[in-house]
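Visitor: Got a structure for you, written out below as structure tokens; questions coming shortly.
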């Protein structure tokens, strides 16, 4: 390996081992050059040691951040599962959620038992209203389909006559007002 003098950069030297600064024969006789180069070499080694310490600190911080990141990732996963669970609960109809609450409340206190009975009765009545509304909706759909069948078979003139006849009929609220 061929290098130049660390101090004067002039003479090319052969066979340097890499253990320290290189001085040419002239510079190695100069005590000032030797002192300056040795001091620079020591400062460079101290700087390298400081960089090694800083690197160790950075690796330690990296490991710490990696473990914190893994912990946060687990927390995010747990929160996502909780949100999914809550979304499933919210997707249930309100009456189903109320029934689940009532099941939990029964037997805890006398007040809860009577409250649970009243809420349960209301829920049964609500179910009845919902089923009657569904039946009414189905009857309305059947009537509409029948009306469409009749309207399709009708001529325009007959349709106009039926429409005017329906307009001439008193409405249910108007019939009561006239009789009063």
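Visitor: Using just the alpha carbons, could you tell me how many Å³ per residue the convex hull of the stretch 93-173 encloses? Present the calculation step by step, with values, prior to reporting the outcome.
Guide: Values: hull volume 9.4 nm³, N = 81.
It comes to 116 Å³ per residue, whole-number rounded.
Visitor: Figure the gain on full extension for residue 103 and residue 76 (residue separation times 0.36 nm, minus the Cα-Cα span) and round it to one decimal in nm.
Guide: On the way: separation 27, 0.36 × 27 = 9.72 nm, distance 3.20 nm.
Working it through step by step, the gained length comes to 6.5 nm.
Visitor: A further question follows. Taking the simple approach of a point 7 Å from Cα along Cα-to-Cβ for both residue 87 and residue 43, what is their distance in nm?
Guide: With each label placed 7 Å out from Cα toward Cβ, I get 6.3 nm.
Visitor: Between residue 67 and residue 140, how many nm apart are label points set 7 Å from Cα along the C-beta direction?
Guide: 6.5 nm
Visitor: Nearest 0.05, what FRET efficiency do residue 157 and residue 133 give at R0 = 30 Å with Cβ-Cβ as r? Walk me through the numbers on the way to the answer.
Guide: On the way: r = 38 Å, r/R0 = 1.26.
Rounded to the nearest 0.05, the efficiency is 0.20.
Visitor: Run a plain Debye calculation on the stretch 67-106 (Cα atoms as equal point scatterers, no solvent) and give log10 I(q)/I(0) at q = 0.14, 0.34 Å⁻¹, rounded to two decimals, same order as the q list.
Guide: -0.48, -0.97
Visitor: Then there is this: In what sequence do 148, 157 fall when counting other Cβ within 10 Å, fewest first?
Guide: On the way: 148 10, 157 7.
The fewest-first ordering by Cβ neighbours comes to 157, 148.
Laboratory data are not the source of any read-out in this text; all were calculated from the coordinates shown. Since this is a predicted model, take the numbers as computed values, not measurements. Note that each Cβ is placed from the backbone with ideal geometry, even for glycine, and that neighbours are counted across all protein chains shown.
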